[in-house]
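A short reminder: the numbers here are calculations on the coordinates, not readings from a lab. Nothing here was measured: the structure is a model prediction, and the numbers come from that model. Because the Cβ atoms are built from the backbone with ideal geometry, glycine has one as well, and the counts that use them run over all protein chains shown.
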Amino acid sequence: MSDAHLLVLSPYIALAATAVVVMLTTAFYHRHLLLAGLTATGLAATFACVLVAGAEDRRATALLRMNDVSLYFIGLLVVVALAVVALSYGYLGRTERRFGDFYTLLTLGALGGAVLAASAHFASLFLGLEVLSVSLYGLIAYPRRRPQAVEAAFKYLVLAAVTSAMLLFGMALVYAVSGTMLLDKVASAGAGLAGWEAAAYKAGLALVFAGVGFKLALVPFHMWTPDVYQGGPAPVIAFLAAASKAAVFVVLLQSLAPLDPQRGGVLVVVLSVVAYASMLAGNLLALFQQNLKRLLAYSSIAQLGYLVVAVVSSGAAGGARGAGTVAVAFYLTIYALALLAAFGVIAVLAHAEGEPEALSQYRGLGHRRPALALVLSVSLLSLAGMPLTAGFIGKFFIFRAGAGAAQWGLLVVFALTSAMSLYYYLRVIITMYRLEVAPYAAALATSPGGMSAGRRAADRVAVAALVLLTASTLLLGVYPPVLLRLIEHAASVFR
Amino acid sequence: MQHVLWLIPFLPVLGFAVLVVFGHRMGRRTIAVIGAAPAGAAAAVAIATAVSFLVAPPATHAYDQVMWTWFRIGAFAPRIAFHLDPLSLVMTLVVTFVGFLILLYSTRFMRGDEGYRRFFAYMDLFIASMLILVLAGDFLFLLVGWEGVGLSSFLLIGFWYRERANGAAARKAFIVTRVGDTALLVGLLLIFTKLGTLDIQGAMAAAQSQWAQGAAVATAAALLLMGGAIGKSAQLPLQTWLPDAMAGPTPVSALIHAATMVTAGVYLIARTHVLFELSPTARLVVAVIGAATLLYAGVSALAQNDIKRALAYSTISQIGYMFLALGVAAWSAAVFHFLTHAFFKALLFLSAGLVIKAMDEEHDIRKMGGLRRDIPVVFRLFLIGAAALSALPLVTAGFFSKDLIVDLALTSVHGGVWLWLAGVVGALLTSLYSFRLVFLVFFGERRGSAPVATRFPRLVVWPMVALAAGSVVLGWIELPVHWHGWSLFTDFMASALPVPGIRAGGLLDAIAVTLIPAIVSVAGVYLAWVLFGRRRPAVAGSLVTRPGFRWLAGAALAGWGFDRLYHVALVRPFLWLAHHGQRDWIDRLVSGIAGPAAALGGLLRRTQDGRLRYYLAAAALGIVVFVAVGLLR
């Protein structure tokens, strides 16, 4: 291993070192600001490492594929983790008395996600997935005096364990017949197989896909989402929704990229069915939802369904493959921005007794906390795909990729369910700007004055992060080239 | 300077954003600074750009700045791009400069209003939208500004939204102009599908090379664009919204009438003049609409008793003059009249605002009178404005610009005697209604209560003085054609707007053409004095008692029944249709989709009962199905 290899792996080294430093510091100095600051510094250093690693020769290990796409997503993960730190600082200060392990777990989760994003091998895939999942169990159950949080973590644990077992078994089957664990080769290994070997190979792939589908909360593995989203602490759910899904999705994208559309027939059919079901079920379930966190959970099922449309299209021949990758990368980014902002608003409004979940608690928020209401409105409009927000451009790219691959059936459902989704997104916004103010929102108006100086500062940090996220959402809506050039450059590895 | 073009619309947008996001924590003084300063800064940038443009004219006679491409599907690649040629330069200068003066005035005028921050935020948005409209290099970007103007006018006309009538006026303005906007959108789509580009200059060049003179498609495109223009510019038959738009605060009216909104239509036609040169039919329609509107609105203005409504009709009439000029291919004459009109109309509205304030929110000129002695400063400013509006020879800017239009209505190769005659009659009407206002408001005896305020702060008066100065001297940049002096304005515009061909005429013609409008406008003032100014208005009194005349005055007061006509012919049938179509098969079809969606959603929701074993069962079932599919295929 040379110095250059160390540079390529430097994001992992920085993340792991951050986790260790934060863990050790927690043991001796239990100061919230110090821990959060250390974590943020470590994450920022990691981001710098990502930039450095981009300039280096990439073949450091067979386990990781450090191409531009994985580097882009590692960078995205780090940014998401940074935003989550900014949101958690005030949130934990208000709701918890112990903070240290939270940041260790968060950093480890980011590390798992980063491994996942670059995994080129079944081993690294499984390792990354487990590091990420185990951190998430701890993070979701972090407010351990809240029974809902513990319940959510428990449900997540049981289901994740079952699907992990499936994933492992699927990997074993594939390895048994193909003799390889490299994702590149796995995809094309089925060609020469026949008889029971072919059957084992296909069954193995199906099991692997089930494991991935669970993490992405695609139908029919979506059932856990609303319960976990509702029970878990808002900043953690933001991380779960934005970072963990992005990381897992990259695996799907990267391992399907070398897939030939002709031979990928079965997989394309399966993915299409999953996309149809996710778009329909997610949007239909969200329609009459009165709980904001559950509503966001259902909407994220639908959003992932849209993303699968782009993946299906990226399997098509010619230039469309690049278009699909660009669509996925762009959409995952703006989806992360929107969900971080939405859960961030919930986190800022939370207090020691719990988080505002019922839609009725948001009545009149626009008059009490205009900035927060604006942030939530913009992120919901972006999720709905309104022009001038990033969501419009994202949906536009998915549509273009789908049209390039002639996936008309998927596109029709995509358009119809998107229209349907406006109903529940706008309902939230209208609720916030209603003239009568809910008791919950009314109590907010008096609290900032009554806060201690430290809490007010924490509140400001979170609001500043949210405003930054919202500004990015709007900027990407009117000026997409800033990000697009980067993504198009990264996606050129698949051409 | 072409790299700072984006700053001009961006600064007001920034002012708007800052006021919206942080304004609730600001004091009135900060709000005033953040509200007014961006327009001033934009004016400074515009002036600097103008200087560099004049000193070192670019080879293409235009500055172009392409910021970025929004997205791209084939040829459809909307760009954020700015194009500055003499036409947009003049528009930009007027919008920023006059807009800034109006904002300065508003900082004190609106001081007592509880919606102070909202007011300045909307005004900044208004100015920014108009600047995007005039600077856009792309049709889609132009449309962004166009819609922004519509939105902010809606917000500002309904500014005092607690009163039902104001909301109705705002809605009316929005809906009536929307009729035109629809035509504009169809026109733009037509241009895009036929010429394959959104770039305005590119599309115009393509039209010139691909479409034959008098081609049907050119006529269609030109007429559709004109539909949009008459909506925004309040020309017949879409003029009904403007008199009601007086519901907003007075500075809003000044802005709508002088700098933003109503001149957008004039700009649009001048910008796409290539299409109108290709289509004599479209040009004739524009000229006839302009002539008819200027007469219609002139007569209506004569009958109004609300000072602001009278001024509103006068705007419709003056924009009619601009349309007349556009119709005879005198493009730069239209823009010249826009320039001078912006100054004196802003001045008139701001003065009217002070009159109304002095009279304690009284709008009715029949209850005023004799104010000359109480508020002499306002009287003088209003007099300058009215004189400029009446185009009194030599001493006012209005004379030079209106004279140019009336002249070209006859001498342009596309002009005609009837158009000229309309212009001359309009000139008589203009000075008649202008000085009717002057005499009824400022002369004679006091007919209502005494003024409640007679002194006004400097910050209110000085912007008006600047406007008054412009209303007096600006005309001298372009002397009447027959004086054979200089024509700086037309020369400057020549690279953007072609000069119309002139019919040769004798010396006698020239004298008649120059003298008659001047004589007519002075005669109008005298007539106004006879009718309304003398201590005992005997002539007017004897006229008013005649039943025929009373009917005429009533009709003119009501704007010749357009509102009632539209109500009976359009609004009522529409409401009837909407009411009776509530449960027709189309609606059932649409709600028929909602029902199953709700039912399906309810069914799916039952699966989410929180029990882990069902979740596991669903996942297991899914895996079984996937494996089965994998094995069977």
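Cut-off is 10 Å between beta-carbons; in what order do B:His61, A:His367, B:His484 appear when sorted fewest neighbours first? Could you put the intermediate results ahead of the total?
Numbers: B:His61 12, A:His367 17, B:His484 9.
Listed from fewest to most nearby Cβ atoms, that is B:His484, B:His61, A:His367.
Between beta-carbons, use under 14 Å as the cut-off and find the net charge around B:Thr490, counting Lys and Arg +1, Asp and Glu -1. Could you put the intermediate results ahead of the total?
Numbers: positive: none; negative: B:Asp403, B:Asp407, B:Glu478, B:Asp491.
Local charge sum for B:Thr490: -4.
Check B:Ser412: other-chain or 5+ apart residues with amide H under 5 Å from its amide H, H built from backbone geometry?
It is B:Arg503, by chain and number.
Report the one residue of B:Gly115, B:Tyr615, A:Leu167 whose Cα lies farthest in the direction of the positive end of the charge dipole of the protein assembly as shown (charges on C-beta: Lys and Arg +1, Asp and Glu -1; origin at the Cα centre).
Towards the positive end, the residue furthest out is B:Gly115.
Determine the relative contact order of chain B: mean sequence separation of Cα pairs under 8 Å and six or more apart, normalised by residue count, in whole percent.
12 percent
Calculate log10 I(q)/I(0) of region B:350-505 for q = 0.13, 0.17, 0.20 Å⁻¹, where I(q) comes from the Debye formula with a single equal point scatterer on each Cα and nothing for solvent.
After summing over all Cα pairs, the log10 values are -0.71, -0.98, -1.19.
Any chance you could list P(r) for the protein assembly as shown, counting all Cα-Cα pairs in 20 angstrom bins from zero, rounded to whole %?
Bin by bin from 0 Å, the calculated values are 11, 35, 30, 18, 5, 0.
Got a sec? Charge dipole of the protein assembly as shown, +1 on Cβ for Lys and Arg, -1 for Asp and Glu; which of A:Phe396, A:Leu193, B:Ala212 is way out at the positive end?
After comparing all options, I get A:Phe396.
Viscosity 1.306 mPa s, temperature 10 °C: what is the translational diffusion coefficient of region B:50-190 from Stokes-Einstein with a Kirkwood Rh over Cα pairs, rounded to a whole number of µm²/s? Kindly include the intermediate steps, with their values, before the conclusion.
Numbers: Rh = 17.2 Å.
Stokes-Einstein gives a translational diffusion coefficient of 93 µm²/s.
So how tilted is helix B:139-157 from the main axis of chain B? Cα-based, degrees 0 to 90, rounded to 10.
70 degrees
Which number do you get for Rg(Cα) / (2.2 N^0.38 Å) in region B:1-105?
Compared with the compact-globule rule of thumb, region B:1-105 sits at 1.25.
Pairs of Cα atoms under 8 Å, at least six residues apart: use those to get the relative contact order of region B:1-117, whole percent.
Rounded, it is 32 percent for region B:1-117.
Remind me, relative contact order of region A:256-495 in percent, using alpha carbon pairs under 8 angstrom and six or more residues apart?
Across region A:256-495, relative contact order equals 28 percent.
Hey, with R₀ at 35 Å, roughly what FRET efficiency would A:Ala406 and A:Thr41 work out to, going by the Cβ-Cβ distance, to 0.05?
So the FRET efficiency works out to roughly 0.10.
So what are the ³J(HN,Hα) numbers for region A:475-492, from phi and the Karplus equation (6.51, -1.76, 1.60; θ = phi - 60°), rounded to whole Hz, Gly and Pro as x?
Those phi angles translate into 4, 5, x, 9, 9, x, x, 3, 8, 4, 4, 4, 5, 5, 5, 5, 5, 5 Hz.
Counting only residues 5 or more places away or on other chains, whose amide H sits under 5 Å from the amide H of A:Ser119 once H atoms are built in the peptide plane?
A:Arg65
Taking a quarter of the surface of the Cα convex hull of chain B, what do you get in nm²?
If I average the Cα hull's projected area over directions, I get 37.5 nm².
With axes computed from alpha carbons, what is the tilt in degrees of helix B:307-327 against the longest principal axis of chain B, rounded to the nearest 10 within 0 to 90?
Around 80 degrees separate the two axes.
Compute the angle between helix B:164-195 and the longest alpha-carbon principal axis of chain B, please, reported from 0 to 90 degrees and rounded to the nearest 10.
70 degrees
Could you go through region B:584-599 in sequence order and give the Karplus-derived ³J(HN,Hα) for each residue, using 6.51 cos²θ - 1.76 cosθ + 1.60 with θ = phi - 60°, rounded to whole Hz, and x for Gly and Pro?
For region B:584-599, the Karplus-derived couplings read 7, 5, 5, 4, 5, 4, 5, 5, x, 7, 5, x, x, 4, 5, 5 Hz, x marking Gly and Pro.
How about region B:312-367: which chymotrypsin sites (Phe, Trp or Tyr not before Pro) there are in a DSSP loop, with at most 16 other Cβ atoms within 10 Å of their Cβ?
Numbers: sites: B:Tyr313, B:Tyr321, B:Phe323, B:Trp331, B:Phe336, B:Phe338, B:Phe343, B:Phe344, B:Phe349; in loops: none.
Listed in order of number, the matching sites amount to none.
Under the rule of at least 5 residues apart or a separate chain, name every residue whose amide H is placed under 5 Å from the amide H of B:Ala81.
The answer is B:Met67, B:Gly137, B:Asp138.
Just grab the label-to-label distance for A:Ala172 and B:Val625, each label 7 Å out from Cα along the Cβ direction, in nm (one decimal).
For the pair A:Ala172/B:Val625, the computed spacing is 2.7 nm.
Of B:His273, B:His567, how do they rank once you tally other Cβ atoms within 10 Å and put the fewest first?
B:His567, B:His273
Given region A:39-177, what whole percent of its Cα pairs are spread farther than 25 Å?
36 percent
For a paramagnetic label modelled at 7 Å from the Cα of A:Leu422 toward its Cβ, which residues of region A:394-408 fall within the zone defined by backbone nitrogen distances under 17 Å?
Only A:394-396 pass the distance filter.
Stokes-Einstein D for region A:256-495 at 10 °C, 1.306 mPa s, Kirkwood Rh over Cα pairs, in µm²/s?
85 µm²/s
For A:Glu353 paired with B:Arg606, estimate the spin-label separation in nm (one decimal), with each label point 7 Å from Cα along the Cα-to-Cβ line.
Using points 7 Å along Cα→Cβ, the separation is 3.5 nm.
Can you give the charge dipole size of chain A about its Cα centre, rounded to the nearest 20 debye, using +1 on the beta carbon of Lys and Arg and -1 on the beta carbon of Asp and Glu?
The dipole of chain A has a size of about 800 debye.
Say a site is exposed when it is one of the GluC sites (Glu not before Pro), sits in a DSSP loop, and has at most 10 other Cβ atoms within 10 Å; what is then the longest site-free stretch of chain A?
That gives A:1-352 as the longest site-free run.
Whole number please: convex hull volume per residue of the Cα set in region B:291-393, in Å³?
So the per-residue hull volume is 90 Å³.
Once both labels are modelled 7 Å past Cα along the beta-carbon direction, what's the A:Leu157-B:Leu189 spacing in nm?
Calculated label separation equals 5.8 nm.
Which one of A:Thr473, A:Val413, A:Gly305 has its Cα pushed farthest toward the positive end of the charge dipole of region A:256-495, where Lys and Arg give +1 and Asp and Glu give -1 at the Cβ?
A:Thr473
What average number of partner chain Cβ atoms lie no more than 10 Å from the Cβ of the residues making up B:21-28?
Partner-chain Cβ atoms within 10 Å, mean over residues of B:21-28: 1.
For the cross-link pairs B:Lys172/B:Lys357; A:Lys293/A:Lys395; A:Lys185/A:Lys215; B:Lys194/B:Lys232, which exceed 32 Å when the distance is taken from alpha carbon to alpha carbon?
In this structure, no pair lies more than 32 Å apart at Cα.
Can you work out ³J(HN,Hα) from phi for every residue in region A:135-142, in order, using Karplus 6.51 cos²θ - 1.76 cosθ + 1.60 and θ = phi - 60°, giving whole Hz and x for Gly and Pro?
4, 5, 4, x, 5, 5, 8, 4
Using helices alone, what [θ] at 222 nm do you get for chain B, with -39,500 (n - 2.57) per DSSP H run of 4 or more residues, divided over all residues and rounded to the nearest 500?
It lands at -23500 deg cm²/dmol.
Run lengths n ≥ 4 of DSSP H only: what is the helix-derived mean residue ellipticity at 222 nm for chain A, with -39500 (n - 2.57) per run over all residues, to the nearest 500?
Values: 22 runs with 382 residues, N = 495.
Helix-only estimate at 222 nm: -26000 deg cm²/dmol.
Could you tell me which of rounded, prolate or oblate describes region B:307-359, using a ≥ b ≥ c as the square roots of the eigenvalues of the alpha-carbon gyration tensor, with rounded for a/c under 1.5 and, failing that, prolate when a/b is larger than b/c and oblate otherwise?
Verdict is oblate for region B:307-359.
Among A:Tyr425, A:Tyr433, which comes first, then next, by fewest other beta-carbon atoms within 10 Å?
A:Tyr433, A:Tyr425
Could you give the dipole magnitude of the protein assembly as shown about its Cα centre, charging the beta-carbon of Lys and Arg +1 and that of Asp and Glu -1, in debye to the nearest 20? Mind showing how you got there, number by number?
Details: 79 positive and 46 negative charges, 537 e Å.
Around 2580 debye, computed over the protein assembly as shown.
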